[in-house]
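In what follows, a single structure is set out as structure tokens and then discussed.
The values are calculated or read from the model by the stated rules, or taken from the named source; none is laboratory data. None of these values were measured; they are calculated from a predicted model. Heads up, the Cβs are rebuilt from the backbone with ideal geometry, glycines too, and the neighbour counts pull from every protein chain shown.
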Amino acid sequence: MAYRKIREIGDPCLKKKCRPVEEFDERLHLLLDDMRETLIKYNGVGLAAPQVGILKRVIVINLGDDRILELVNPVIVSTEGSYVDSEGCLSVPGKAGEVERPVKTTVIAYDRKGQRFEYTGEELYSRCLCHEIDHLDGILYVEKVIRFVEVDE
């Protein structure tokens with residue numbers, strides 16, 4: 001395992017739509033392991049594969065207490081409510097902005113072994129699911145910002 005370099009705004013990789021994962025093999029496992037290590041190293045909440053230069057539909061989310069949720073080919077199947085809150089991004093350092101997101105988001109995805117599962121995130125984790133899935137479609141949160149806010153450094 002190794003951490004990978006985070007691609008930053010302006011990198012063409014961040015604007016491309018990702019391809020679905022078709023093979024649940026050692027290459028996928030290595031990518032997931034590296035993404036986990038990268039997410040932890042940079043103290044992020046979520047990370048999408050294009051942020052490390054890989055155009056595959058893969059995301060990882062830090063649920064806390066050393067629990068990392070791995071989602072391969074995630075698809076949003078339902079959302080509930082909406083609220084505005086501040087969010088940032090490892091690929092857009094030094095910035096934060098208010099974005100409207102669902103209060104609750106349910107996705108269907110696959111784990112590293114190809115087993116289908118459903119996950120529902122609320123508030124922060126709903127926001128994170130939507131933010132990271134946007135990355136898979138080449139969308140950065142700055143395109144959805146209502147207004148930028150001060151960043152505590």
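Of everything in the stretch 68-90, what is under 19 Å from G138 (Cα atoms) and out of contact with any Phe, Trp or Tyr (no Cβ under 6 Å at 6 or more places or on another chain)? Give them in sequence order.
First, pick out the residues of the stretch 68-90 that are under 19 Å from G138 (Cα atoms): 71-76, 87-90.
Passing the criteria: L71, P74, V75, I76, G88.
On the basis of being hydrophobic (A, V, I, L, M, F, W, C), farther than 17 Å from I6 by Cα and out of contact with any His (no Cβ under 8 Å at 6 or more places or on another chain), does V52 make the cut?
On the way: hydrophobic (A, V, I, L, M, F, W, C): yes; farther than 17 Å from I6 by Cα: no; out of contact with any His (no Cβ under 8 Å at 6 or more places or on another chain): yes.
Taking the combined requirement at face value, the residue does not satisfy it.
So which of I59, I146, I133 is modelled with pLDDT of 95 or more, closer than 27 Å to P12 by Cβ and exposed (fewer than 14 other Cβ atoms within 10 Å of the Cβ)? Break it down stepwise before answering.
Numbers: I59 fails: exposed (fewer than 14 other Cβ atoms within 10 Å of the Cβ); I133 fails: exposed (fewer than 14 other Cβ atoms within 10 Å of the Cβ).
It is I146.
Taking the stretch 13-44 as the region of interest, how many residues are more than 18 Å from L140 (Cβ to Cβ), of a type in the set (K, R) and either surrounded by fewer than 14 Cβ atoms within 10 Å (Cβ to Cβ) or touching a Pro at 6+ places or on another chain (Cβ under 6 Å) (or both)?
3
Which residue pairs have Cβ atoms closer than 6 Å, lie 6 or more positions apart in sequence or on different chains, and pair a first residue in the stretch 83-106 that is at pLDDT 95 or above with a second residue that is part of a strand (DSSP E or B) and of a type in the set (S, T, N, Q)?
Cβ pairs passing all conditions: A96/S86; E98/S86; P102/T79; T105/T79; T106/S78; T106/T120.
For (1) buried (at least 20 other Cβ atoms within 10 Å of the Cβ); (2) within 15 Å of the chain's Cα centre (by Cα); (3) of a type in the set (V, I, T), each residue gets a yes or a no:
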{"residue": "D85", "(1), (2), (3)": "no, no, no"}
{"residue": "S91", "(1), (2), (3)": "yes, yes, no"}
{"residue": "A96", "(1), (2), (3)": "no, no, no"}
{"residue": "K104", "(1), (2), (3)": "no, no, no"}
{"residue": "V107", "(1), (2), (3)": "yes, yes, yes"}
{"residue": "K113", "(1), (2), (3)": "no, no, no"}
{"residue": "Y119", "(1), (2), (3)": "no, yes, no"}
{"residue": "L124", "(1), (2), (3)": "no, yes, no"}
{"residue": "C128", "(1), (2), (3)": "yes, yes, no"}
